[in-house]
Each structure stands twice: as structure tokens, then as C-alpha cells.
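Chemist: Once you've had a glance at the structure underneath, I'll fire off some questions.
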Amino acid sequence: MTRNMMRLRRMAPLLAALVLAGCGDGGVNEVRTWMKKVQKDTKPSVKPLPAAKPFLPYAYNPGGAPEPFSPDKLLTEMARVAEASGSQYKPDTSRPKELLENYPLDTMRMVGTLQKAGVHYALVQIDKAVYQVRAGQRIGENYGVVTRVTDGAIQIREVMQDATGDWVEREATIELHDSKETGK
């Protein structure tokens, strides 16, 4: 093979690429033409902003009215509300506590039920000791009273103070502990 022939073979792929590149623009001109047409035809429409309303400051004129931020007024109102609403739930703190009132409810587990002389009892385990609980009995640290004992749960009505100091009622439940969960 001659030297010119070798050079031609080396340059053949480069020449083929140049010929193919020159054949078309890849559709770029069509896209540019379309974009110019859309840009020319599109008219943006922006709604004008509404007119600003003038600000009219409120002039406070006490004119002998009570001070709205007075601590005395606030304390008086809180005492009046506490007397009107919170006293109906206030527990008797002077009575002696029962044994189960010394334990929080979350330390108690219901492990079963039994019936004696027509009275339904729940068996409650605290640590390793088991206690019998019936409706009407006091339980828990929040002045709780057992309202109902069923085969699956103990229903309790507790009385506690909220953030404002009012005594409010809330319902609590201790459900039967399933021994299958622990593998016992």
C-alpha cells in the first residue's frame, strides 16, 4: 500500500463524520423558529394590584375604665371562675388514702378477673403482688375511682388539676394484660 492510501484510510472516518454533520441541523432551526413565533404572539396579562387601604390607628381613651392588663383584675376573675366551675370535682383531701392510691396507674397490670358473691373483681398486679379491685374502690395517684370492672378492662374516673388550677375529670382504663405477648 502506498503512503497516500494509508493516509486516506486514516482520514476516512473523520471525513465521514464531517459529511454527516453537514447534512442536517438536527431540527434546531425548527425549534428556534417556533419559540420566536410563540414569544411574539404571547402577550402577558398582569392584573394591577388593589389600592392600599389607609391605616387608621385606634386611639385608646380609658375614660375611667378599669385597666385591662391589671394583675388584680386577672386574679379576681380567675378566683371567680375557679369557684364557679372547679369546686364540683375537687377531691376530699382530708380522708385517709387507700393502699392502691399510692401507686401510679402505669405501674399496674390487670392480670385477670374473678367473681365472689355476685361481685365482679379485677386482679391487679403491682410489682410481684396481686390485689383484688372492685367498682367504687379508690385507685391511682390522681384520686381515681373504679367505675366498672369487665372481663377485659378496668374503667377509672380520675380527678386532677389542669394548668389553670381547676379540678377536672378524665377517664382512664387498665386493659387485661395478655400473657401470650410476654411468652409466659
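No lab work stands behind these numbers, since they all come straight from the coordinates. This is a predicted model, so every value here is computed, not measured. Note that each Cβ is placed from the backbone with ideal geometry, even for glycine, and that neighbours are counted across all protein chains shown.
Chemist: Write down the radius of gyration of the range 99-178 and its Dmax, each obtained from C-alpha positions, in Å.
Modeler: Cα-based Rg and Dmax for the range 99-178 come out at 12.8, 44 Å.
Chemist: I need the per residue convex hull volume for the chain, using only the alpha carbons, in cubic angstrom as a whole number. Before the final figure, lay out each step's value.
Modeler: Values: hull volume 101.5 nm³, N = 184.
With only Cα atoms used, the chain gives 552 Å³ per residue.
Chemist: Can you tell me the length gained on complete extension of the stretch Trp34 to Glu67, counting 0.36 nm per residue apart and subtracting the Cα distance?
Modeler: Values: separation 33, 0.36 × 33 = 11.88 nm, distance 7.15 nm.
Extending this stretch completely gives an extra 4.7 nm.
Chemist: Measure off 7 Å from each Cα along the Cα-to-Cβ vector at Leu114 and Val159, then give the distance between these two points in nanometres to one decimal.
Modeler: 3.2
Chemist: Just to verify a number: FRET efficiency for Ala79 and Arg170, C-beta to C-beta distance, R0 = 22 Å, to 0.05? Can you show the working numbers first?
Modeler: Values: r = 24 Å, r/R0 = 1.08.
Result of the calculation: an efficiency of 0.40.
Chemist: Test of understanding: in a Gaussian network model of the chain with alpha carbons linked when under 10 Å, which of Ser94, Ser45, Ser70 would top the mean-square fluctuation ranking?
Modeler: Evaluated over the chain, the most mobile residue of the options is Ser45.
Chemist: Here's another thing I want to ask about it. Just want to confirm a number: the relative contact order over the chain, from Cα pairs under 8 angstrom separated by 6+ residues, in percent.
Modeler: Numbers: 190 pairs, mean separation 26.0, N = 184.
Computed value for the chain: 14 percent relative contact order.
Chemist: By DSSP, what percent of the beta bridges with both residues in the range 99-178 are antiparallel, rounded to the nearest 5? If you can, show how the numbers build up before the last one.
Modeler: Values: 28 of 29 bridges.
The antiparallel fraction comes to roughly 95 percent.
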